[in-house]
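The values are calculated or read from the model by the stated rules, or taken from the named source; none is laboratory data. This is a predicted model, so every value here is computed, not measured. Heads up, the Cβs are rebuilt from the backbone with ideal geometry, glycines too, and the neighbour counts pull from every protein chain shown.
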Amino acid sequence: MLFLGILFFVSACAAIALSSSKNFTGPTSIAEKDSTQTAELLADARASSAAPVSTSALLFSASSSSSSSPSINSSPLGPISISSSTKVTTVDPFSFPATSRSLALGVCWAPKHNMSSPADILADALLIRRHFRQVRTFYSAYYQTPVMPYFVQAGLKAVLGVFMYPDEPSWTEAEKRVAVQSAISFPSHTVAIYVGNENVAPYGNYSVDELIRHMQDVREGLREKGVQVPVGTVQRLTEWLREKDEMDRLAEASDLLGVNFYPYFSIDGESLEAQWEKMVKRYPNHMQKIRVTETGWPSAGSPNFANRTASHAQAEAYYQTYVKWACEQRRRIEGEEEKGGGAETFYYAYFDGRAPSTAPDYEAHFGLVTEDGNKPKFELEDGFCPGEKELLQEKDDKTF
């Protein structure tokens, strides 16, 4: 959401040293559901203020024995060149290897609740795994620390975001490098990479041509290493529905169309299904690319500009509606899904957050669990639609 930008901009200014510490090994398959083990891992993660050395080593080659923090600019991939051409080569989102299979249900992770060190990333990942097996991030590095290794340690697949800083182009380039290297290091755990979030002009700071160029840079970085991961962009439904040729060009240049659907903000009171149908109607030639990258309903707060109210009961009802819709949608396309890829969706968000002082109070209450992660607001399942777990076991998929 829009207010994430403020936090990300500030967080990118700091660096946390990565020092030697105990290696944490998170659950890596659906068979590993020992809650005692997870609790112990979580306690270890919270007790440590530093990241495991192995996680940074997976992404960065050590140039010396120094214990100083590796720079996100030191990726072995090297700098990704930016060309002036907007010519792009997209891929069929259903052509990826079977190991890239995703689930219908996922959740967004944003560090707006209590994030201060890399150890907290692992702690959050282990908490999320209690109820989900895949997560969407809004960026690829937090405090210059790559986030992907922590989600892999916790047994999660991830959709990585490339957060874009209009006033600091070098930070955007760093995000792109980390996203590319994360996918190269963990291809079977990387569901997709989304470049930008709610940032296409005039609502945001980037033109369609700029977004296409940045997506192509990421795609070329992956292609150089022979890694196939879909690359797209996330924008609001409002922008995607614009009847302009430039948005059609953006759709054509994207492997996936990430769309943030919020009936909570709908002045007309449209349902999730109604909003989805609008998107499908607008892009009939790109139906298989469309993904729900955000949707949610706050559990508390003042009425919003659309006069929608927030309550615990409404949040629970909407979440149940979302789960039912997402699982039904998955079943409708399952025939195509067998080719690979996935119709993954992501609920916003797992944790309650802290709304900026200038934001409406409901912004802090979109989470499915409390700010500290200890208490789900209502009953949450294990992140699988009916039949998904059995299918993964049948295919011997150990990546979940």
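Quick notes
- Residue check for residue 265: touching a Lys or Arg at 6+ places or on another chain (Cβ under 8 Å), among the aromatic types (Phe, Trp, Tyr) and closer than 22 Å to residue 199 by Cα: yes
- Filtering the stretch 98-120 to residues that are of a type in the set (Gly, Ala, Ser) and either modelled with pLDDT under 75 or under 25 Å from residue 354 (Cα atoms) (or both) leaves 98, 100, 106, 110, 116, 117, 119.
- Test for residue 358: is it farther than 19 Å from residue 102 by Cβ, touching a Pro at 6+ places or on another chain (Cβ under 8 Å) and not in a helix (DSSP H, G or I): no
- Test: residue in the stretch 248-264 that is modelled with pLDDT under 95 and out of contact with any His (no Cβ under 6 Å at 6 or more places or on another chain): no
- Among (1) buried (at least 24 other Cβ atoms within 10 Å of the Cβ); (2) touching a Ser or Thr at 6+ places or on another chain (Cβ under 9 Å); (3) over 20 Å from residue 208 (Cα atoms); (4) modelled with pLDDT of 95 or more, the one test that residue 175 misses: (3)
- Applying the condition of being more than 20 Å from the chain's Cα centre (by Cα) and of a type outside the set (Asp, Glu) to the stretch 354-366 and asking which residue is surrounded by the most Cβ atoms within 10 Å (Cβ to Cβ) yields 362.
- Just one of the listed residues (323, 369, 280) is exposed (fewer than 14 other Cβ atoms within 10 Å of the Cβ) and in contact with a strand residue (DSSP E or B) (Cβ under 9 Å, 6 or more places away or on another chain), namely 280.
- Residue check: residue 294 meets all listed conditions (1) surrounded by fewer than 20 Cβ atoms within 10 Å (Cβ to Cβ); (2) under 23 Å from residue 109 (Cβ atoms); (3) among the acidic types (Asp, Glu) but one, namely (1).
- Listed by first and then second residue, the pairs with beta-carbon distance under 6 Å, at least 6 apart or on different chains, first residue in the stretch 373-387 and over 18 Å from residue 315 (Cβ atoms), second aliphatic (A, V, I, L, M) and part of a loop (DSSP other than H, G, I, E, B), are 385/104.
- Enumeration of residues in the stretch 232-241 that are surrounded by 14 or more Cβ atoms within 10 Å (Cβ to Cβ) and closer than 15 Å to residue 199 by Cβ: 232, 233, 234, 235, 236, 237, 239, 240
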